[in-house]
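Scroll down for the structure; my scribbles are underneath it.
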Amino acid sequence: MMRTYAFAKRTGSARCVFADGRSVDLPVFAGILKHPKAGELPRLLSQPEVAAKYTREALRIAPWQMLREFPADWLKQHLGSATLRPGRRRALEFLLSSLPDEAGASAR
C-alpha cells in the first residue's frame with residue numbers, strides 16, 4: 001500500500017509595515033500559530049509583534065520547505081531570538097547561510 005502525505009500549503013501572503021516605513025512580506029501557513037484560523041492570519045500578521053512571533057514559531061516547528069518561502073534575511077534576523085534545540089539551530093544556521101538576502105523584499 002502506498003501512503004500519500006499532504007504537505008502544508010501556502011494560503012497567501014501578508015505584509016507587515018513597521019512604524020519607520022520598513023515592510024516585510026510573509027507567507028501565510030495555517031498551523032504555525034495554534035489558535036488563529038487561516039482567514040485571520042493576514043490581518044494578524046500585519047502587526048509587527050505577531051509577525052515576529054509567527055516567524056520565531058515557524059523557525060521552531062516548520063519544515064525547510066515552508067521556511068524557504070520566508071525572506072531569508074527576515075529569518076536570519078529572528079534566528080537568535082527563537083527558542084530552538086541546539087541541533088535545529090545549527091541546521092538552520094547552515095541552511096540560511098547558503099541563501100542570499102533579499103534586499104528589496106524584507107525589513108532592513
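The values are calculated or read from the model by the stated rules, or taken from the named source; none is laboratory data. None of these values were measured; they are calculated from a predicted model. Glycine gets a Cβ as well: all are built from the backbone with ideal geometry, and neighbour counts include every protein chain shown.
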Output yes when any residue across the range 36-46 is aliphatic (A, V, I, L, M), more than 15 Å from the chain's Cα centre (by Cα) and at pLDDT 85 or above, and no when none is. no
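Going through the range 20-30 one residue at a time, which ones are part of a loop (DSSP other than H, G, I, E, B) and under 12 Å from the mean Cα position of the chain (by Cα)?
Phe29, Ala30
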Taking the range 57-72 as the search range and keeping residues that are surrounded by 19 or more Cβ atoms within 10 Å (Cβ to Cβ) and farther than 16 Å from Lys9 by Cα, which one is modelled with the highest pLDDT? Leu59
Is it the case that Ala82 is under 13 Å from the mean Cα position of the chain (by Cα), modelled with pLDDT of 95 or more and of a type outside the set (Val, Ile, Thr)? yes
Mind checking which residues of the range 22-76 are closer than 18 Å to Leu96 by Cβ and among the hydroxyl-bearing types (Ser, Thr, Tyr)? Tyr54, Thr55
If the requirement is being of a type in the set (D, E, K, R), within 26 Å of Arg22 (Cα to Cα) and part of a helix (DSSP H, G or I), which of these qualifies: Glu93, Glu69? Glu93
